[in-house]
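I have placed the structure first, in the form of structure tokens, so that the comments after it can refer back to it.
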Amino acid sequence: MTTETLAAPGGECYTALNDIRICDKCNFTRVKTLLPKLQKLDPEADIKVGCKSYCGPCAKRAFVFINGRYITAPTEDEVLEKVKPHIKK
């Protein structure tokens, strides 16, 4: 895994500790509701939205890709609970 250096508002640079990716095509999550919840868990995370080519499991369960791991659960709220221990502080 690599970390990205990002520019914060005001021009300061920082490195995102958490690389979070979600699929905008997943049947069990909604970007509109999931993205703000993930941003609340880590406001400085590098969150990318787009197809992750994880279509088999994606069609059956909610998932979040975080720091190189796929975390899955039956619902969006359950996957968020399972993601929390993987958030780097």
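Each reported figure results from applying straightforward, stated rules to the coordinates on display, with no laboratory input. In this text, all values refer to a predicted model and were calculated from it rather than measured experimentally. Backbone-built Cβ (ideal geometry, glycine too); neighbour counts: all protein chains shown.
Of all DSSP bridge pairs formed entirely within region 5-86, close to 70 percent run antiparallel. Stretching Lys40 away from Glu78 to a fully extended chain increases their span by 12.1 nm, per 0.36 nm per residue minus the current alpha-carbon distance.
Listed peptides 59-66, 47-54, 70-77, 20-27 appear in the order 59-66, 20-27, 70-77, 47-54 once ranked by packing, highest mean of other Cβ atoms within 10 Å at the front. Karplus-derived 3J(HN,Hα) values for region 31-38, using 6.51 cos²θ - 1.76 cosθ + 1.60 with θ = phi - 60°, are 4, 4, 9, 6, 4, x, 5, 5 Hz; glycine and proline are entered as x. Label positions at Ile87 and Lys32, each projected 7 Å from the Cα along the C-beta direction, are separated by 2.4 nm.
Between Lys25 and Val49, the contour length at 0.36 nm per residue exceeds the Cα-Cα span by 7.7 nm. The count of lysine pairs in region 5-86 that are at least 8 places apart or cross chains, and whose C-alpha atoms lie under 18 Å apart, stands at 16.
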